[in-house]
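**Q** Before we start, here is the structure in question, set down as C-alpha cells.
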Amino acid sequence: MDPFFSTWTSSSLSKQHHFTSPASVDFNTWGLGSTTRLAIYGVTIVLAASFLLLQRFLSGDPFFPRADYRSYNIVNRKLFLELYDADELPKAPIEELRGEAQKGPYGTRLRFAWIQASCFGGLVSVNAALLILRCLRGEIIIDEVAELVYWTFLSTLFLYRFYPNPYRPTLQTLTSVGSLVPLLLIMERDILPKLLLHPSRERLLDVRTGWVVYTRLGLTLAIGILALATPRVWYPVDPSAGSEPTPEQVASPFSYAISYYWIESIIRIAYRRDVEVEDLPPIPDYDRGKLWSRMIANHQRSTTFWTLLSLMKYELLLMTLFSFLIGATQFIWPLSMKHLLAYIEGSSQPVITPWAFVMGMFLGPLLGGVAWEAYVFQSNRVGIRVKAALTQSLLEKTLKIRFTADSVSKEEKKNTAKTDKGKGDKTEPEEDHQKSRVGRINNLMSSDLAQLSSARDFFLVFGSVPIEILFSMIFLYGLLGWSSIVGVAMMIVTMIIPGILAKLLAKVQRRTRLASDARIEAMTETLNSVRIIKFFGMEKVFLSRIREKRETELWLSFLSMVYTLGFYTVSHLLPIINMIVTFGIYTEVMKLPLTPSIAFTSISLFEILSHQFSWVSHVTRSLISAFIAFDRVDKFLIEEEELERVEQIEGTAKREIGPYLKNATLSWSMPGSGTDDGFRLASIDVECVYGGLTVIAGPVGSGKSSFLLGLLEEMRLLNGERFLPRGDGVAYVAQTAWLQSLTIKDNILFGSPYEEKRYNAVLEACGLSEDIEKLDAGDLTEVGEQGVTLSGGQKARLALARAVYSPAQTVLLDDVLSALDAGTSKLVFEKCIKGEVLAGRTVVLVTHHLSLVSPAAKKIIVLANGRVVSDSSPEALSDDAIELLRENEEADIVTNDVALVELVEQPIEAIVPEAKPKNSGKLVAEEARNKGRVPKKLVFEYLRYFGPLIITLVLVFISMLDKVVDLVDTFYIGLWSNEYSKPGPVDVKWWLSVYAALLIGTSIFNTLVYSIWYFFAWVGARRIHEELVSAVLYSPIRFFDTTPVGRIINRLSNDIAALDNNLGAYVNIVLDQLLDIVFRAVVMTGLLPAFFFPTVLVSFFGIACGELYVRAQIGVKRIISVKESPLISHFGDTISGIVTIRAFSCQERFREENIKRIDDFTQPNEVNYNLNRWIGIRTSVCTSIIGAAAGIIALTTKGSSPGMIGFSMSNALAFSSSILFAVRYFNLLEVELNSFERVKEYIEMKQEPSSRPEAEPPAAWPTQGDLKVTELSVKYSEDGPEVLNKISFEIKPSERVGIVGRTGAGKSSLALSLLRFTEISNGSIVINGLDVQKINLEALRQRVTIIPQDPVLFSGTIRTNLDPFGGLDDTELQAALDGSGLAGDKMDGVDSGIASAATSGTATPTEAESSAAPKNKKIGLDTQITSGGGNLSQGQRQLLAFARALIRRSKLVIFDEATSSTDLKTDERIQETIRTSFPDSTLITIAHRLRTVMSFDRIIVLDNLGNGGEIVEFDIPLNLLQNPEGMLYNLARKSGEFDELLKLAKDGVEAR
C-alpha cells in the first residue's frame, strides 16, 4: 500500500477548525503606491536580465548560435554525467519548440507558443493604447509607462524563444514567472478594494475600471494558463539508449504536478477491460535501475543512510519544501471558518466580504491537497529509486561475498555470542537466522528495503509539524492567553513518555523481524525438501515446526500491538489532558467565558496539536523500523567479507601456462576461528597441463573439490601463490549440477552466441541428442527449478554441455562422470573429454573413474588428507598412489569398448503436467492473475476467520458505540458554548468535568475498540497462515514441479504480511466510515437539512472517481503481485549458483538481468502510486467543494444558534469526508483483498486425500511385505497420457526384486505409484492384503519406506533426522545408526559436502555447515546436520537414509539406487547394507546399474511399447540372462559386463 495514500485532510478536516488571527492589517487604507509598483517592475526586469546573463557566462553558449554550432541533442545534464564524462556533453543543446507532444505539422508546444505570443502582443497593444489615451487626457502615465516597458521586455524575451538558442527553457520560465508580477499588482490595485466592506476613499480613487482592466487581467491569466498547459520537453538521460519518453515526462506542468491527468490512459483502459502489463506506461529513464545503481556506486559514503542522503539531497529538499507548504495551507480552512462564524455570531466585523472566507474554505483544502500530493509523489519516487538501487547493491555484494564458514557479519557473531550465554528459547529466531545467509539476503531484499522507505516520513515531520505547532501555539495564545502556555508546556514535558514507549517498541520490532526471518527460512527449507517430506509422510512434523516459528512471530506481533496501542493512546491522551487543564485555568483561574468561537477554535487547535504529536509518534515508530533496516543492510553491504580477487599481471595472463598452486596452503575458515574445522590444502605445489587433461584423484574427503575451488579463489589462500588464467575464459561444472529454470538450450548457451554447428557437436558429445529427440519441445523444454524435470545424469550432462559450449580455454570439471552410468560415462569420456569439442583446452577433471580417464590424461594429481601424494604422468605414478587409488576406485568402472546405453530414468519426483499443449516445452507457467473486480464476498469470507458470526456482530456493535461517543463529544461542545448566550451564570466546573470525562473516556474506548479489532484480525491471520501452509504441504507433488519456490514464498511472506498488518485494519476503517456516514446523515437531516444535498451530490462524484480508480488499481496491484516473484526467484537462482557464475565470470550478465527484473517490478509500482495521486487530488477537489458549500449554507442560514451551526458544519464536512474516505478505503480494501484472494487460491487448490478414521490401517500393518499389482494403469494427471499400461505382478514376502528398463520405461513411475504419487486410472495395488487406494496416505507413506536416489536431510541433528516424530529412544536410534554402518564415521563435508545437493549448487560450505562440523568429530546421534545434509558426503547421506528405513522397520522398502560420487569402499558398504539390513523386508530396487540387482530373487524388466510402460520380462536374473531374445540379455550385453553379471546371477542362485 502507498503509505501516503491518506490525504492531509484526513484528520484536520474531519473536525471543525476556526480561530482568530493574532494580528491584522488595515486593508481599508493600505495599498501599494505608484513608486512601489514601479520599483517592483524594475527589480523584476533587472533580476530576469541578470539571471540570463549569468547563465550565458556559466555555460559559454552564445545567445545567437550559428547554424553549424547548434545541437538539438538535449540531455538531462545532471544524470547524464552519472553515466558519461563531462566531455561527452552536447554543446549548445537546443530544445525543439515543437517538443514531443506534436500533432501534425505544428506541435502543441509551438501552437501554444504562438497563442502566448499573441497574448503578449495584445498586452503590449492594450498598454500602448491606454498610454496614448491617458496622454491625450493629460493624466498621470507613470504606471502605464512602467507596465508597457515591462510587457515589452517580457514579449521580447518570449519572442526570442522562436530563434533556435540554448536558452529556451530559461526564457519559458522567466516569462511565465514574470507574468505573475503584473497579475498580482492588478489584483492588489483593481480587484482587492472592491472586496473590502469599508475601503478608504484613497483606495477607491486608485482603482481602475472598465474593459482595459479585465482585458489585461484576462490576457495575463491566459499566458499563465497556457504556460501551465504547455507540454514539457523530454530531456533524455541517455540519448543513445533509443528509449521513448513516457506520458509523465512530456505532460504539461498542470497535468504533471496538479491534476495527474497524464495517468488517465490507464484509467480509460481499466474502464473498458482488465489492465495488462503491455498497457502500463514505461518507466521514466530517470527512474531506471541501471542509472540509480550506478549513482549509488558513484556517491558511496560511510553508511547507506549517508549515501542516500548525499545522493538524493535535492529530492529530499523538495520534499521538505512541500511539507512546509502542507503545514502553511493547513490553516487556510480554519482561519476562514473562524472569521465566518465570528461574522455569523456577530462577535466581530470583518474587513473583507464574508464571501472571501467562503473562497478560503474552498482554496484551503485544494491547495493543501495539491501540496500533499506533490509531497507524496516526490517521496514515492525517492522510495522507488532507493529500493531499485539497494536491490541491485545487494546483488552486487552477493556476487562478491564469501559463502564459507566464518564469513559471518559482526552482527551475527554478536548474536551468536549472546545465544551461547544462554538466553534461552527466546533467542531461537536469531539462531535460526544465522543458519542461512541465503534466507538473510532474501529477507533484506523483501522486508528491510520496504522498511527503509518509511524513513522519508521524517521530512514531512521536519517541514510541516514545526509550522503547525508554532501557528497553533500563537493562535492559542491569542484565544486563551497565558493559560495556553501552561497547556503547551505540559505537552512538551510529557513527550518523554511516548519516547520511552518507542524505545521498547523498537526492541520488540527487531525481535519480530528476526522471528519472521526464521519462519520464512523454515518454510524455504521445507519447500526445498518437500518431496522427501511427502515420501515419508512427514507433513505433520514440518507443519508443527513451521507452526512453532509462526507462534513465536505471532506472539511478538501481539506484543508489538500492545506497545503500539499504548504508544498511540498516550500520544492521544496527553494533548487531551493538557487541553482540559488549559480550559480549567481559562475558566476557573482567569474567570473568562468559553464562547462558541473560543471553544470550537481552541478544540480545533488542540486537535491539530494532538494530530501533530500523534504524527510525530507514528513517524518515530517508522524511523525506528527504518534505522533498524539501515543497520541490517549496512551490516551486509559493509561488513560481509568479500572474496580476494587477485588482479592478474598482463603478461602472465597471456602466457600459455595452466592453472597452478605454488607452495600454497588454503583453508575454508580463518585459522583459529570458531568455525575452523582444521581442514587444509597444505603445501600444494602443482601446475595443471596447459591444453591437456589433468586428473585430480584421491579418496573421499581428500580435498579434490576443494582443489578446484581453491583455484577459483573460493577458498582462503593462507600463503603461497595461485594462478588461474581467466583472460582466456574459465568454465566450471560443480559436483552438484546447478541449472537455471530456463530451457535446455538457454542453459547450454548461458549467454554465449548461438552457433548451430558447435551447438550440435556439443549435444552429441555430451550424449544429449537422443534425450532431446524424445522431448516434444526438443531443446526448448524447460528444465524447471534446479533441473527438476531431469534425472541426475541428465542434469550433470547438461551442466557439462554448458561448460563445453563456452569458449573458455580452461574447463574445471568436478566429478561429472559419477552421476552417469557405465555406458554414458564411456560415451562422455570418448566424445567429450577426449573428443574434438575439448581438444586444445586445459581440462582439470576430478574423478573416481581413474582407469577410464587415465589413458587420455597428461598428468594425474593424487590427493590425500589435503596434501599431494603424487604429481606425475600416468606412467610415473608411485606405488603408494596406485595402492591408494585402487582402494578408492569407482565401483563401476568400464575400460573396455562397449555399446552406449543409459538406464537412468528421469526421477518422477519431478512430475511434468501432461496437460500442456504439445511442443510448448513450458513447465513453469506465468503466475496467474485474477481478472475483474475482487469479489465483495471475500470480505465476509475473511471475517469468518475471526470466528463465529457472533464475533462479527459484536465488532459491528462496538464500532457503532464508538461513532455515538465521537458525535457526543462534538455535540456537547455545541451545548456548552450555547450556555453563554443564555441569561444567568454558567457552571463551568460541571461542564468542564463532564467534557474531560467524555474526552478521556472516548480515547480509552477508541483504544479498546481498536484492540478488539486487532485481536480478532490477529486470530484470523493465524488461522489463514495455518490453512495456507497446510494446503501447500498437502498439495499433489505435481504442484511443486510447476510452481517455483519463489512464487510460493511470495505468498507466504508478502501476502501473509498484508493479512497480518493491513487487511483487518482496512475492514475496520471501512466499517467505521460507513457507520460515520449513517450517523452524521441522521444528525444533519435533523438539524440543517440544507447541508445534506450538496454533500451527497459531491459525494456521488467522489464515488464515480473511486469506481474508476479501483478498476485500474486492482489490475495494477495484481500485476505487482506477480512481478515480484521473478525478482525474488532470480535472486535465489543467483545465490544458489554463485560459484558457477563467478567461475564463468558472467556476473555482469546476471547484474543486467537483475536490473531488468527490478525495472519490471518498478513499472507497475510507479503506476500504482500515481493512481493514488490521481484519486487523491480529486478527493481534495470534492472536499473543497463541500467546504465552500458548507460556508454558503452557513452564511445564508437564519435563525440557528452559532453552536448548532458549528456542530452542523463540522458534521457536514465530516460526512462528505467520510463518504470520500469510505470510497477510498474501500478501494484500498479491494487492493489488499487481492492478497487474501491469492492466499485463498492456494488454500482452495486441489489437495491430496485427507486422512479418515475408517481408512486407517491396523497398527501392525503391514506384517509382511507381500505386494500384488493387478492390471495397473497410471497417469501423472487426470487428463494426461498413461505412463504405465495394465501391468500385473506379484511379489512374495521378504523377496528382493529389481526393476530395470530403458529411460522412459516407467521404473520410477511404478515405484511412486506404490505410494500413490500418481493418478491410478485402472487396476489396483494391494500391500499385505490392503488396497493402497483405500487407506490413508500418511499411513501408507509412513509404513512403506522409499530410499530416494538423492537423499535429502534436514537441518537439525542425526537424531531429529532419524526420528522426526520424537517417539523413539536413543537405543533404537543408535542401533539403526550402527546397522547402517555410519556410526563412528568422520565428517566428510569438506569435500563432498561442499554443496547442499538440494539447494546450493555452489560447492561451497555455508557458515552453518562448517560451524556444525568440529574438528575430527565422529558421527553420532547429536551430530549437527545442515540444511540438505550439506556437511555429509553423498555416501554418508545415503547410509543415513538407510538408517531412516531401519528405524521405520518397514516390511516393504523401495530403493531408488543412487549413481553418485562414491568410491568402491563406500559402494561396498551401501551394497552390504542392502543385503544385511532388511532381512525380513521386501526390497524393491530401481536399478541404474545392472550389477546391483543380479543377486536379487527376481527382476522386472519394463519397456515402453508406445502406450506406456509394460512388463516385458519377470523372472530370476539367471533365467533372464540365459534368454538371448530377452531384453535384459541385450541390456547386459551392451553394458560390457555380461560375464560378470552372469557370475553374480549364478552366485545369487547358489546363495538362495
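The values are calculated or read from the model by the stated rules, or taken from the named source; none is laboratory data. Bear in mind the structure is a predicted one, so any value in this text is a computation, not a measurement. Using ideal geometry, Cβ is built from the backbone for each residue, glycine included, and neighbour counts are taken over all protein chains shown. Accessible surface is based on the protein model in full, side chains and every heavy atom, while ligands, DNA and RNA are left aside. Shrake-Rupley method; radii C 1.70, N 1.55, O 1.52, S 1.80 Å.
**Q** From the residues in the stretch 385-402 that are more than 17 Å from the chain's Cα centre (by Cα) and open to solvent by less than 20 Å² (accessible area, probe 1.4 Å), which one is modelled with the lowest pLDDT?
**A** That would be ARG402.
**Q** Report, by residue number, each residue of the stretch 1045-1062 that is basic (Lys, Arg) and open to solvent by less than 30 Å² (accessible area, probe 1.4 Å).
**A** Residues of the stretch 1045-1062 that are basic (Lys, Arg), as a first pass: 1047, 1051.
Result: ARG1051, single match.
**Q** Still on this structure: Condition first: aromatic (Phe, Trp, Tyr) and either part of a loop (DSSP other than H, G, I, E, B) or without any contact (Cβ under 8 Å) to a residue 12 or more places away in the chain (or both). Now tell me which residues in the stretch 1127-1150 satisfy that.
**A** Here is the first cut: in the stretch 1127-1150, the ones aromatic (Phe, Trp, Tyr) are 1131, 1144, 1150.
Scanning the stretch 1127-1150 gives a single hit, PHE1144.
A quick yes/no check of all residues on (1) within 14 Å of VAL828 (Cβ to Cβ); (2) without any contact (Cβ under 8 Å) to a residue 12 or more places away in the chain; (3) among the aliphatic types (A, V, I, L, M):
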position	(1), (2), (3)
GLU770	yes, yes, no
ASP779	no, no, no
ARG797	yes, no, no
ALA803	yes, no, yes
PRO807	no, no, no
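**Q** From the list GLU553, GLU525, GLU548, pick out the single residue that is in contact (Cβ under 8 Å) with a residue 12 or more places away in the chain, within 30 Å of LEU504 (Cα to Cα), part of a helix (DSSP H, G or I) and among the charged types (D, E, K, R).
**A** GLU553
**Q** Take the residues in the stretch 1262-1285 that are open to solvent by 20 Å² or more (accessible area, probe 1.4 Å) and among the polar types (S, T, N, Q), then tell me which one is farthest from GLY1509 (Cα to Cα).
**A** The residue in question is THR1263.
**Q** Still on this structure: Restricting to the stretch 729-753, name every residue that is out of contact with any helix residue (DSSP H, G or I) (no Cβ under 8 Å at 6 or more places or on another chain) and over 19 Å from GLY787 (Cα atoms).
**A** GLY729, PRO753
**Q** Test SER1321 against the stated conditions and say whether it is surrounded by fewer than 19 Cβ atoms within 10 Å (Cβ to Cβ) and in a loop (DSSP other than H, G, I, E, B).
**A** Taking the combined requirement at face value, the residue does not satisfy it.
**Q** Going through the stretch 1152-1185 one residue at a time, which ones are open to solvent by 30 Å² or more (accessible area, probe 1.4 Å) and either over 30 Å from ILE1141 (Cα atoms) or of a type in the set (Phe, Trp, Tyr) (or both)?
**A** Within the stretch 1152-1185, TYR1169, ARG1178, VAL1181, ILE1185 qualify.
**Q** Mind checking which residues of the stretch 1220-1259 are touching a residue at least 60 places away in the same chain (Cβ under 8 Å), aliphatic (A, V, I, L, M) and over 30 Å from GLY369 (Cβ atoms)?
**A** Hits for the stretch 1220-1259 are VAL1239, ILE1243, MET1245, ALA1255.
**Q** Among the residues of the stretch 602-644, how many are at pLDDT 75 or above and more than 30 Å from THR1007 (Cβ to Cβ)?
**A** 9
**Q** Applying the selection to the stretch 1073-1118, what residues are charged (D, E, K, R) and surrounded by fewer than 22 Cβ atoms within 10 Å (Cβ to Cβ)?
**A** Listed by number, the list holds a single entry, GLU1107.
**Q** Return the total of residues in the stretch 239-266 being part of a helix (DSSP H, G or I), closer than 26 Å to SER71 by Cβ and hydrophobic (A, V, I, L, M, F, W, C).
**A** Qualifying residue count, the stretch 239-266: 2.
**Q** Considering each residue of the stretch 88-131, count those that are of a type in the set (D, E, K, R) and either open to solvent by less than 30 Å² (accessible area, probe 1.4 Å) or modelled with pLDDT of 75 or more (or both), and give that number. Show your work before the answer.
**A** If we filter the stretch 88-131 for residues that are of a type in the set (D, E, K, R), which is where we start, we get 88, 91, 95-96, 98, 100, 103, 109, 111.
Now restrict to residues that are either open to solvent by less than 30 Å² (accessible area, probe 1.4 Å) or modelled with pLDDT of 75 or more (or both): 88, 95-96, 109, 111.
Final tally of qualifying residues: 5.
Let's see how each residue does on (1) without any contact (Cβ under 8 Å) to a residue 24 or more places away in the chain; (2) under 27 Å from PHE458 (Cα atoms); (3) open to solvent by less than 20 Å² (accessible area, probe 1.4 Å); (4) not hydroxyl-bearing (Ser, Thr, Tyr):
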| residue | (1), (2), (3), (4) |
| --- | --- |
| GLU315 | no, yes, no, yes |
| MET319 | no, yes, yes, yes |
| ILE326 | no, yes, yes, yes |
| TRP333 | no, yes, yes, yes |
| GLY346 | yes, no, no, yes |
| PRO365 | no, yes, yes, yes |
| ASN380 | no, yes, yes, yes |
| GLY383 | no, yes, yes, yes |
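**Q** May I ask you to verify whether PRO1164 is at pLDDT below 80, out of contact with any His (no Cβ under 6 Å at 6 or more places or on another chain) and more than 30 Å from SER1277 (Cβ to Cβ)?
**A** For PRO1164, the condition - at pLDDT below 80, out of contact with any His (no Cβ under 6 Å at 6 or more places or on another chain) and more than 30 Å from SER1277 (Cβ to Cβ) - is not met.
**Q** If you don't mind, another one. Give the number of residues within the stretch 1491-1540 that are open to solvent by less than 50 Å² (accessible area, probe 1.4 Å), within 58 Å of the chain's Cα centre (by Cα) and more than 30 Å from VAL1274 (Cβ to Cβ).
**A** 3
**Q** Another question, if that's okay. Please count how many residues of the stretch 267-280 are outside any helix (DSSP H, G or I) and either crowded, with 18+ Cβ neighbours inside 10 Å or in contact with a Gly (Cβ under 7 Å, 6 or more places away or on another chain) (or both).
**A** Taking the stretch 267-280 and keeping what is outside any helix (DSSP H, G or I), we get 273-276, 280.
Within this subset, residues satisfying the condition of being either crowded, with 18+ Cβ neighbours inside 10 Å or in contact with a Gly (Cβ under 7 Å, 6 or more places away or on another chain) (or both) are 274-275, 280.
Matching residues across the stretch 267-280 total 3.
**Q** Now a separate question. So, LYS745, is that one open to solvent by 10 Å² or more (accessible area, probe 1.4 Å), out of contact with any His (no Cβ under 6 Å at 6 or more places or on another chain) and free of Cβ contacts under 8 Å to residues at least 40 places away in the same chain or not?
**A** Yes, satisfied.
**Q** Still on this structure: Of the residues that make up the stretch 994-1012, is at least one over 23 Å from LYS963 (Cβ atoms) and either at pLDDT 85 or above or surrounded by fewer than 17 Cβ atoms within 10 Å (Cβ to Cβ) (or both)? Talk me through it step by step, then tell me what you get.
**A** We begin by selecting, within the stretch 994-1012, every residue over 23 Å from LYS963 (Cβ atoms); these are none.
Taking every residue of the stretch 994-1012 in turn, none turns out to be over 23 Å from LYS963 (Cβ atoms) and either at pLDDT 85 or above or surrounded by fewer than 17 Cβ atoms within 10 Å (Cβ to Cβ) (or both).
**Q** On the basis of being under 28 Å from GLU1153 (Cβ atoms), part of a helix (DSSP H, G or I), at pLDDT 90 or above and not β-branched (Val, Ile, Thr), does LEU798 make the cut?
**A** Yes; evaluated as a whole, the condition is true for this residue.
**Q** Out of the residues in the stretch 1447-1474 that are closer than 23 Å to SER1495 by Cβ, assigned to a helix (DSSP H, G or I) and in contact with a strand residue (DSSP E or B) (Cβ under 9 Å, 6 or more places away or on another chain), state the one that is modelled with the highest pLDDT. Walk me through it before giving the result.
**A** Narrowing the stretch 1447-1474 to residues closer than 23 Å to SER1495 by Cβ: 1450-1460, 1462-1474.
Going one step further and asking which of them are assigned to a helix (DSSP H, G or I), we end up with 1464-1474.
Applying the additional criterion that residues be in contact with a strand residue (DSSP E or B) (Cβ under 9 Å, 6 or more places away or on another chain) yields 1464, 1467, 1474.
Working: LEU1464: 56, ASP1467: 64, ILE1474: 70.
Selected residue: ILE1474.
**Q** Which of the residues that make up the stretch 143-159 are of a type outside the set (A, V, I, L, M, F, W, C), free of Cβ contacts under 8 Å to residues at least 24 places away in the same chain and open to solvent by 30 Å² or more (accessible area, probe 1.4 Å)?
**A** THR156
**Q** I'd like to verify a number: residues in the stretch 52-67 that are outside any loop (DSSP other than H, G, I, E, B) and over 13 Å from PHE153 (Cβ atoms), how many?
**A** 8
**Q** Right, something else. Looking at ILE474, ILE500, which one is among the β-branched types (Val, Ile, Thr), over 30 Å from VAL633 (Cα atoms) and surrounded by fewer than 17 Cβ atoms within 10 Å (Cβ to Cβ)?
**A** Among ILE474, ILE500, only ILE474 is among the β-branched types (Val, Ile, Thr), over 30 Å from VAL633 (Cα atoms) and surrounded by fewer than 17 Cβ atoms within 10 Å (Cβ to Cβ).
**Q** Let me ask something additional. Filter the stretch 60-84 down to residues that are modelled with pLDDT of 80 or more and open to solvent by 60 Å² or more (accessible area, probe 1.4 Å) and give me whichever is nearest to MET312 (Cα to Cα).
**A** LYS78
**Q** Only one of ASP1060, ASP1055 is assigned to a helix (DSSP H, G or I) and within 30 Å of LEU742 (Cβ to Cβ); which?
**A** Exactly one residue qualifies, and that residue is ASP1055.
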